[in-house]
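Mind having a look at this structure? Questions to follow.
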Ligand SMILES: Cc1ncc(COP(=O)(O)O)c(C=O)c1O
């Protein structure tokens with residue numbers, strides 16, 4: 001560790017192997033994985049079809065510059081568009097990079113097409129990444145501390161308050177960017193009707209609506225994309241995390257006419273959409289669609305939420321269970337900062353956000369038996385902590 005920058009507080013285990021919802025450490029201990037690399041391995045670890053696609057592609061061609069046509073990109077973009085809205089896609093390597101691309105596209109569109117100012121409103125509590133533009137867009141002060149000067153052009157509005165959002169709109173604003181469910185912010189689900197009102201506000205003022213679906217996308221919430229729950233269609237949607245089931249990949253998906261604000265030379269990424277990343281993503285999306293993973297996630301999510309409701313009745317320290325599909329937040333009253341470490345003794349991987357929310361984002365293929373096992377283990381851990 002001496003030569004690795006200390007940007008993470010790491011837990012004291014080393015994971016060396018994973019299959020489905022299970023991972024193993026160096027000593028051969030087996031853990032139930034309720035984190036999935038933070039909503040990344042949605043099909044579980046080492047999914048055979050993804051492994052096979054990667055092996056096959058690796059034997060043919062790892063990398064190819066975007067100086068040339070990459071047919072796998074064209075195929076993946078077509079599938080994404082057919083299963084979302086009529087769009088064109090730019091491929092990159094991470095969530096922050098996808099959001100950077102979306103921010104640049106908004107600015108280009110405002111300068112060249114809509115005539116509105118290029119400012120972007122984001123929401124308090126949001127998380128959009130760690131690059132300079134995306135941490136400025138993020139509605140949490142802790143990620144900005146010490147990184148001045150920050151780029152201009154971002155306004156943060158209070159969460160879930162349509163009147164406050166409306167007040168923040170002036171001629172300098174060209175877009176609203178939000179997560180349909182806030183992930184890092186604590187699994188926060190917006191108030192009923194809020195997203196529809198945001199869409200109406202954007203339409204009234206000619207603003208672009210950007211959905212950051214980096215965490216909520218790829219069936220995590222029980223629809224392939226979270227926007228599909230309430231029929232509010234964004235103009236731009238960003239994806240990453242589970243798109244390649246663990247292979248690094250991101251995407252900016254934009255309404256066709258908005259995408260046209262970019263032309264050759266306006267944006268690029270050396271590795272973006274390379275054949276290996278595309279092979280992993282094509283296999284991931286194909287499995288998701290063919291095997292009805294979103295429906296399975298809805299059903300398993302409902303089951304796990306019900307079981308957690310029973311757990312909440314046994315633990316007065318559980319204040320609320322917030323869930324959509326298999327994106328679940330257990331809001332507790334206690335400080336849970338040591339819980340992820342305590343969980344290792346019970347051989348379960350858990351993640352805590354905002355100090356007091358247990359975030360469950362397991363692989364979407366998790367079985368009911370594994371859900372029961374998770375509930376029993378969480379029960380034991382919380383009991384020991386007196387929650
Ligand atoms: C909603 C959202 N946007 C963006 C990001 C940043 O993604 P990455 O870490 O791949 O840059 C994350 C990461 O947690 C996220 O949850």
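FYI, it's all coordinate maths here, none of it is from the lab. Everything numeric here is computed off the predicted structure, so don't read it as measured data. Methodologically, a virtual Cβ is constructed for each residue, glycine included, from the backbone with ideal geometry; neighbour enumeration extends over all protein chains shown.
Take residue 196 and residue 30, extend 7 Å from each Cα along the Cα→Cβ direction, and tell me the distance between the two endpoints in nm.
Result: 4.8 nm between the two label points.
So how far apart, in nm, are the two label points at residue 111 and residue 376 if each is 7 Å from Cα heading toward Cβ?
Output for this residue pair reads 6.0 nm.
OK, next. Hey, with R₀ at 22 Å, roughly what FRET efficiency would residue 299 and residue 319 work out to, going by the Cβ-Cβ distance, to 0.05?
Numbers: r = 26 Å, r/R0 = 1.18.
After rounding, the FRET efficiency stands at 0.25.
Can you order the peptides 31-42, 124-135 by their average number of other Cβ atoms within 10 Å per residue, highest first?
Descending mean neighbour count gives 31-42, 124-135.
Of the DSSP beta bridges with both residues in the chain, give the percent that are antiparallel, rounding to the nearest 5.
65 percent
Taking a point 7 angstrom from the Cα of residue 49 along the C-beta vector, which residues in region 190-220 have backbone N less than 17 Å away?
218-220
Now a separate question. Working out 0.36 nm times the residue gap between residue 268 and residue 368, then minus their Cα-Cα distance, what length gain in nm do you get to one decimal?
So the extension gain works out to 31.7 nm.
If you don't mind, another one. Using the alpha-carbon centroid of each, what span in Å lies between region 13-41 and region 360-387?
A separation of 15 Å, based on Cα centres.
Expected output is a single nm value to one decimal: the length gained when fully extending between residue 83 and residue 142, i.e. 0.36 nm times separation in residues minus the C-alpha distance. What is it?
Once the chain is fully extended between residue 83 and residue 142, it gains 17.6 nm.
Follow-up. For residue 58 and residue 291, compute 0.36 nm times the residue count separating them, minus their Cα-Cα distance, and round to one decimal in nm.
81.4 nm
Specify whether the C-alpha gyration tensor of the chain places it in the rounded, prolate or oblate class, a ≥ b ≥ c being the square roots of the eigenvalues: rounded for a/c under 1.5, otherwise prolate if a/b is larger than b/c and oblate if not.
oblate
Calculate the length of the line joining the C-alpha centroid of region 256-295 to that of region 306-322, in whole Å.
What the calculation gives is 38 Å, centre to centre.
Could you work out the helix-only [θ] at 222 nm for the chain, with each DSSP H run of four or more residues adding -39,500 (n - 2.57) and the total divided by the number of residues, to the nearest 500 deg cm²/dmol?
Rounded to the nearest 500, the figure is -10500 deg cm²/dmol.
Which residues among region 347-369 fall inside the zone where the amide N is under 20 Å from a point 7 Å beyond the Cα of residue 333, along Cα→Cβ?
Zone members listed by number: 353-359.
Say a paramagnetic label sat at a point 7 Å from the Cα of residue 65, along Cα to Cβ; which residues of region 233-276 have their backbone N under 17 Å from it?
264-275
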